[in-house]
Structure formats: structure tokens, C-alpha cells
Amino acid sequence: MTFFQTAPDGRDFRLLIRPDCSLSLRGVKVVVLTFALVAALIGAYMLTLGAWPVLPFLGLEIAVVAAAFLILQRRARFYDLVEAKGDDVCLSQRGRHGEKSGKLNRYWTQVRLAAGGHWYPSRLLVGSHGNYMEIGAALTEEDRIKTAKALQRAL
Amino acid sequence: MTTTVADHHHDEVPKGITRWLFTTNHKDIGTLYLWFSFIMFLVGGAMALVIRAELFQPGLQVVDPHFYNQMVTVHALIMIFGAIMPGFVGFANWMIPMMIGAPDMALPRMNNWSFWLLPFATSLLILSLFVPGGGPAAGWTIYPPLSVQGGMGVDLTIFTIHILGMSSILGAINIIATIMNMRAPGMTLMKMPLFIWTWVITAFLLIAAMPVLAGAVTMLLTDRHFGTAFFDPAGGGDPVMFQHIFWFFGHPEEYILILPAFGIISQVIPTFARKPLFGYTSMVFATAGIAFLSFIVWAHHMYTVGMPLSGELFFMYSTMLIAIPTGVKIFNWMATMWRGSMTFETPMLYAIATVALFTVGGLTGLMMAITPADFQYHDTYFIVAHFHYVIFCGSVLGMFAGVYYWLPKWTGHMYDETLGKWHFWLTIIAFNVTFFPQHFLGFAGMPRRIPDYSLQFAEFNVISSIGGFVLGFSQLILLVVVIKAIRGGKKASAEVWENPEGLEWTVPSPAPYHTFATAPEVK
């Protein structure tokens, strides 16, 4: 999801890109614990029957459920931020490999949308003098193209 | 400042086989699921025709009894795990992101994997028919001791069930994660369309029930090959335990097959009645109530195994309780139609038929809930008639309603209404000709899963077989309708129908490859 704000003068702007996430961390805990509780109840009943081979499947499945939601929660904390103030363009990013930031001169800043080959998605790159940072990896293809054009216009 | 934007078309769709093999797009994967489901529907249907050909007359005419039993078993497994479940996952893939305003599913790569497990799994199942000893012949419930004694085909079936289960669980996790995590701003839980609600609950049932099946078939496998005796009384085991475990999965599975269809018709009926859905909140709670009850009624499938009286009574009363939330739903659909400005396009005809004929199946279900009466019906053709009224009329007709309802959104073209109505009337008439007489056969005592029968059952079986063949070949009309709509026809507008509710109708028809570039605001 993109949040694009421009200053009243129309020159400075702030572009924040975040992955969709409508579930809070508390919500994730509630969902995963609910699944775990139901699995525990089913597992307990199966144990009373003597059907213990059901348990590893229940456990494995709850682990996958938890992993899926944790991946999404981790992804929800990722962001790409592009802020233009005066002649500076500040980039900051939190992604899979930690936090990164940098400052560019607005007049030298380039926005590149590298088309993806075959079935691969495109890559939105912002930078100058041969150093680029990829932003918008969490967006859909169409969203990324629109964001690239919006950034192009704003710069 | 220099800006370079590489040349790129907005709705460029990747071409060729790689598009389908490696796609992570929810619409592509939805399309794959729906075509796979339809192909399996035809394969399973062909097996049903072998069954009906054999039962056309008393005596053994077409196939030998062992192959007949394989057909009965594999028909059911293919229809349940290959046709109906993937069909609804196809609907989920196509419609859930569009209905909640999300760009795609939450875990797109996992989505691709969930689909591509299916063809391998069903290939194993079909392959089992050609191995020494033939395919599984113990019925879809694969009860021991018969399944423990079967040939290599049973092993292939066990692996099939494992892989299909894995696919279903991954699909269910993806659906839950998508609905919980990727709703558009303002789309609170109680604003979600009912189709979304029914899928949340279905996914919950899948996640709860599938590991139980996985455990059950693993125990079968170890009993067959690793010297365990879970189900062998000679080693201290109990074959009835398998029935308990199987139906602990099996009854929620029935609601896994039906709830998404309830969701679909809850979208269709308000559109063609031109009224909002009556009792939205009660529909949500009724669906949740059905899901809860589905976990405490399993032993009504096994009244005759010799349970204590208290157990029989508990399962009888809890089963009868299901009529309450189901009745709430049926009442609400009828109240939605009441004094509505109704028109009867094909999706609405299918939705009405779903309500009416599913109710017939529901009422025969109530008859079977009564323990002493069930002792008479158990394992007769009455059961076959009952579950076909429930599964075909509930799930499959509901799915047909959804196909006709959303086909213009998927293809960008209106379908052929005349052919749609031919498909509807032939299906409904042929279905009733096939399965209504089976109630009488069951009452008269004809057992299920037999290739030959007493002469007294001949007339109803002739009628049933004629109906079965008409029903089977009528489904080719749907294929023609879909292909015609894909190839061309009248252009569909974004709304398609008159003021339909839902975010999916705010995007153009056909829906663009990537739906919502910026998340829509839900008021």
C-alpha cells in the first residue's frame, strides 16, 4: 500500500510504501492460539482413542499456521520511505536484510523501473551515480508501475 | 533530474506454459483450480456412468464386481477431493482478493504450490486403477479391515490423500491469512461479504480436520506395512476406532464441501432479488454454529456399530440441532427473496434450486439423525440419495450458480443465457430422475455399493440410470457455455448485473490481471 503526501508548494513530498496488513500482532496471537487450542483439544481426544499418529500432523500444521502469520507480521514491519526536502532526497528502508538509508541530490536522482524478464516482476530502483536502492518490492506489478510514474512526476 | 521508466504495459499477461507453471497471480491460480475441478468433475462423472451402466439391469453386465467397487470408491474420492474442494478453492482464489480489496493472496508462492500438488495427487489416484490388485475398493471411507487387505492401489490412495490434504491445508492457511491480513481499509469483519465469511469458517474447518485424516491414513499405512495393529483386533487394535477417527474428519468435511456454496448463493440471491441479504449477522453466526456442531456429531454415521445408548442419544440430539442454524439460513434466503423484484437469470435459477433441493437433502438427513430409524436406512440407497441431494444440490449447484454469476467478470463477456437455461433445466430434471427413485430403493432395502441386485429393484434402477446418463452428458453444455464466453459474446459491463453488492463489481470486466493498485475505501 502506498501513502503519497505532497507539501502545499507541490515540491516536497513523502512517499511511504508498506505491505498490506489488517491484522495486529495481538490479532495474530489470538488467531494462532485459537488454532493451537482447537488442535490441542482434538489431539487430546485422539490420544484417548490411542490414535497418537494424528498428533505430529496437528503439531506440524500449527507450526505452519504460526510461521505463515509470523512471516506476514514480519513483512508488515517492512517499509520504503522516500522524502524530498528542498534539494535533498532521503531514502530509508526496512526490509528482509535490516535497515538502510541514504541521501541523494534531487537533481541527480534517477527513478528506474527495470522490466522483469519472463514471469519475474519488475524492480523499482531509486538512486544516482550508479548506486540504486530497490523500493516497492511488496507492491503488485501495477501498483509498482503507478508508484514509479508518481515518483517520476514528483521529482 | 533524470528519470527512466522502462517500457511496460499495465495489464501485460505473461504468455506460454511458464505463465501457468510459475504463476503467483491469484486469478491465474483460480483459473487453474476451476479448470482442474471441471476436468475432475468429468472424470468422476464418467466413473458414475460406469456405475449406472452396471446398475441399469440386475445381473453383471458391464464390469466385474471388484472393478465396480473401485469405481464407487474412486468416483467419490475424485468428486470430493478433486472436483468440489478444488472448485471452491478456485472461487476463493478468484474472488477473495477482489471482494476484500486486496492486490493478491497473502502468500502467492505457496498458492502456486498448493495448486500444483493437485494434479500429481489425482494422477496417483487414477494410476492406482492400473496397478496389480487394482485401485482402492473399500469405498471412500476406506474402512479397515478391507482397506488393510487391499493391494498396492490402497497405498497410492493413502499417498494421494496425504498430498491432497497438504494442498488443502496450505490453501486454507493462505485463505485465512489473506482474509485476516489483507482487507481494504474499512473492511471490518462484519462488513465482509458472506462468501468471505463462509470461506473463513471453511478454512478453519479444513485446518482442524485434515490432520485427523492424515493421521488416520498413516495408521492404515503402518498397519499394512510396518506391523502395527491400530485397527487389528488380533494385535489389540480396533477397526471401529478408524470409523471414529475417519468421521471426526468426515463430518466437518461435509461442511467444508457445502459452506462455500452457501456463501455463493448468499451473494447471488440478493442481486437477483434486488434486496440486501436478510439477517446478515444471523447468517454469520449460523455458519459458525454449523461449523461448531460439525465437530460433535460424527458418530451419526456409525449408529449401527454398537455404541452405548447414551452415545446414540447424544449424537442423535446434537445432529438434530444442526437443523436450527441451517433453518436460519434457509429462512434468511427465503426472506431475502420475499417481495423482492426478482428476475430468473441462470445464476438465480441455480441459487433457488440449491436452496430447494438442498432442503430435501437436509430433511432426509433429519430422518437419518433419528437413531432407531437410521438402523433401517443405514448403508441403503436412501443414504446414497440423501448425500447426493446434499452434495450435488448443495455444493455443485451452488458452484454452478457462482460460475454463471461471475463468468462475465472473469471473461469480460456475457454467457449464452439460452444455453445456460438448457443446462439448468436438464441438470435439475435429470438429477431428480436419477436420485429421487433411490429414496424408494433404499426404503425397499437395496444396499449401497453392490453391482447386482434383486429383481424387485429393477424399475427404479432403470429410471435412475437413464437420469444419470442425461445428467452426465448435460454437463457438456456448461463446457460449451464457458468456452463461448471465453471466445467472445456480448461485452460485460463492470457491474454486469443490476446494482450488485461488492467490491468485485467496481473493477472492469474482465478483471485486470492485477486488481487493486490502491486499496479501495469501504464505507
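The values are calculated or read from the model by the stated rules, or taken from the named source; none is laboratory data. None of the values given here were measured: they were computed from a predicted structure. Heads up, the Cβs are rebuilt from the backbone with ideal geometry, glycines too, and the neighbour counts pull from every protein chain shown.
Mind listing just one residue for me: the one in segment B:166-198 that is more than 12 Å from chain A (Cβ to nearest Cβ) and of a type in the set (Ser, Thr, Tyr) and, of those, farthest from B:Thr218 (Cα to Cα)?
The qualifying residue farthest from B:Thr218 (Cα to Cα) is B:Thr198.
Tell me the residue from B:Met307, B:Met316 that is under 30 Å from B:Thr371 (Cα atoms), among the hydrophobic types (A, V, I, L, M, F, W, C) and modelled with pLDDT under 95, please. Can you show your working first?
On the way: B:Met316 fails: modelled with pLDDT under 95.
So the residue among B:Met307, B:Met316 that is under 30 Å from B:Thr371 (Cα atoms), among the hydrophobic types (A, V, I, L, M, F, W, C) and modelled with pLDDT under 95 is B:Met307.
Which ones in segment A:41-64 are surrounded by 21 or more Cβ atoms within 10 Å (Cβ to Cβ), in a helix (DSSP H, G or I) and within 8 Å of another protein chain (Cβ to nearest Cβ)?
Result: A:Ile42, A:Met46, A:Val54, A:Phe57, A:Leu58, A:Glu61.
Is it the case that some residue within segment B:120-132 is of a type in the set (A, V, I, L, M, F, W, C) and closer than 27 Å to B:Trp298 by Cα? It would help to see each step written out before you state the result.
Of all residues in segment B:120-132, those of a type in the set (A, V, I, L, M, F, W, C) come to B:120-121, B:124-127, B:129-131.
Now narrow it down to the ones that are closer than 27 Å to B:Trp298 by Cα: B:121, B:125.
Yes, segment B:120-132 has at least one match.
How many residues, within segment B:79-114, are of a type in the set (Val, Ile, Thr) and either surrounded by fewer than 24 Cβ atoms within 10 Å (Cβ to Cβ) or in the same structural domain as B:Trp406 (by TED's automatic domain parsing) (or both)?
1
Quick one: A:Leu113 ticks every box in (1) more than 8 Å from chain B (Cβ to nearest Cβ); (2) under 24 Å from A:Thr2 (Cβ atoms); (3) buried (at least 16 other Cβ atoms within 10 Å of the Cβ); (4) more than 16 Å from the chain's Cα centre (by Cα) except a single one, so which number is it?
For A:Leu113, the exception is condition (1).
Of the residues B:Thr23, B:Thr73, B:Thr18, which single one is closer than 27 Å to B:Ile466 by Cα and of a type in the set (Ser, Thr, Tyr)?
Answer to the check: B:Thr73.
Could you figure out which of (1) farther than 24 Å from A:Ala39 by Cα; (2) more than 10 Å from chain A (Cβ to nearest Cβ); (3) crowded, with 23+ Cβ neighbours inside 10 Å; (4) not acidic (Asp, Glu) isn't true of B:Pro260?
Every condition holds for B:Pro260 apart from (1).
For segment B:470-483, give me each residue that is surrounded by fewer than 17 Cβ atoms within 10 Å (Cβ to Cβ) and either small (Gly, Ala, Ser) or in contact (Cβ under 8 Å) with a residue 60 or more places away in the chain (or both).
Filtering segment B:470-483 down to residues surrounded by fewer than 17 Cβ atoms within 10 Å (Cβ to Cβ) leaves B:470, B:473, B:476, B:479-480, B:483.
Listed by number, the residues that qualify are B:Leu479, B:Val480.
Being within 17 Å of B:Arg52 (Cβ to Cβ) and buried (at least 21 other Cβ atoms within 10 Å of the Cβ) is the requirement here; does B:Gly442 meet it?
Yes, satisfied.
Only one of A:Lys85, A:Lys29, A:Lys103 is more than 10 Å from chain B (Cβ to nearest Cβ), touching a Cys at 6+ places or on another chain (Cβ under 6 Å), of a type in the set (D, E, K, R) and exposed (fewer than 15 other Cβ atoms within 10 Å of the Cβ). Can you tell me which?
Result of the check over A:Lys85, A:Lys29, A:Lys103: A:Lys103.
If I ask for residues that are more than 10 Å from chain B (Cβ to nearest Cβ) and in contact (Cβ under 8 Å) with a residue 24 or more places away in the chain, which ones from segment A:67-82 would you list? Break it down into steps so the answer makes sense when it comes.
So in segment A:67-82, the residues more than 10 Å from chain B (Cβ to nearest Cβ) come out as A:70, A:74, A:77-82.
Residues satisfying the conditions are A:Leu70, A:Phe78, A:Tyr79, A:Asp80, A:Leu81, A:Val82.
Looking at segment B:332-341, which of its residues are over 24 Å from the mean Cα position of the chain (by Cα) and surrounded by 15 or more Cβ atoms within 10 Å (Cβ to Cβ)?
Correct list: B:Ala335, B:Thr336, B:Met337, B:Gly340.
Name, by its number, the condition in (1) in a loop (DSSP other than H, G, I, E, B); (2) among the hydroxyl-bearing types (Ser, Thr, Tyr); (3) over 22 Å from B:Ile176 (Cα atoms) that does not hold for A:Ser22.
It fails just one condition, (3).
Name the single residue, out of those in segment B:155-182 being closer than 17 Å to B:Gln70 by Cα and touching a Gly at 6+ places or on another chain (Cβ under 8 Å), that is surrounded by the fewest Cβ atoms within 10 Å (Cβ to Cβ).
So, considering only residues that are closer than 17 Å to B:Gln70 by Cα and touching a Gly at 6+ places or on another chain (Cβ under 8 Å), the one surrounded by the fewest Cβ atoms within 10 Å (Cβ to Cβ) is B:Leu156.
Of the conditions (1) at pLDDT below 95; (2) surrounded by fewer than 24 Cβ atoms within 10 Å (Cβ to Cβ), B:Phe130 fails just one. Which one is it?
That leaves (1) as the condition not met.
Residues A:Leu16, A:Leu49: which one is at pLDDT below 95, more than 12 Å from B:Ile207 (Cβ to Cβ) and more than 32 Å from the chain's Cα centre (by Cα)?
A:Leu49
If a residue has to be away from every other protein chain (no Cβ under 13 Å) and under 16 Å from A:Ile71 (Cβ atoms) to count, how many in segment B:91-114 make the cut?
0
Do we have A:Arg75 as touching a Lys or Arg at 6+ places or on another chain (Cβ under 9 Å) and either outside any loop (DSSP other than H, G, I, E, B) or over 30 Å from B:Phe231 (Cβ atoms) (or both) here?
Criteria met by A:Arg75.
Mind counting the residues in segment A:1-26 that are touching a strand residue (DSSP E or B) at 6+ places or on another chain (Cβ under 6 Å) and surrounded by 13 or more Cβ atoms within 10 Å (Cβ to Cβ)?
Taking segment A:1-26 as the starting set, the residues that turn out to be touching a strand residue (DSSP E or B) at 6+ places or on another chain (Cβ under 6 Å) are A:2-6, A:12-18.
With the extra rule that they be surrounded by 13 or more Cβ atoms within 10 Å (Cβ to Cβ), the set shrinks to A:2, A:4, A:6, A:12-18.
The qualifying residues number 10.
Considering only segment A:124-137, state which residues are surrounded by fewer than 18 Cβ atoms within 10 Å (Cβ to Cβ) and either modelled with pLDDT of 90 or more or at the interface with chain B (Cβ under 10 Å from one of its Cβ atoms) (or both).
Within segment A:124-137, A:Ser128 is the sole residue that qualifies.
Looking at segment B:293-310 only, could you name the residues that are exposed (fewer than 15 other Cβ atoms within 10 Å of the Cβ) and assigned to a helix (DSSP H, G or I)?
B:Thr304, B:Val305, B:Leu309, B:Ser310 - these are the residues of segment B:293-310 that are exposed (fewer than 15 other Cβ atoms within 10 Å of the Cβ) and assigned to a helix (DSSP H, G or I).
With the condition kept exactly as written, say whether any residue in segment A:1-13 is in a loop (DSSP other than H, G, I, E, B) and within 11 Å of another protein chain (Cβ to nearest Cβ).
Checked against the condition, which is being in a loop (DSSP other than H, G, I, E, B) and within 11 Å of another protein chain (Cβ to nearest Cβ), segment A:1-13 yields at least one hit.
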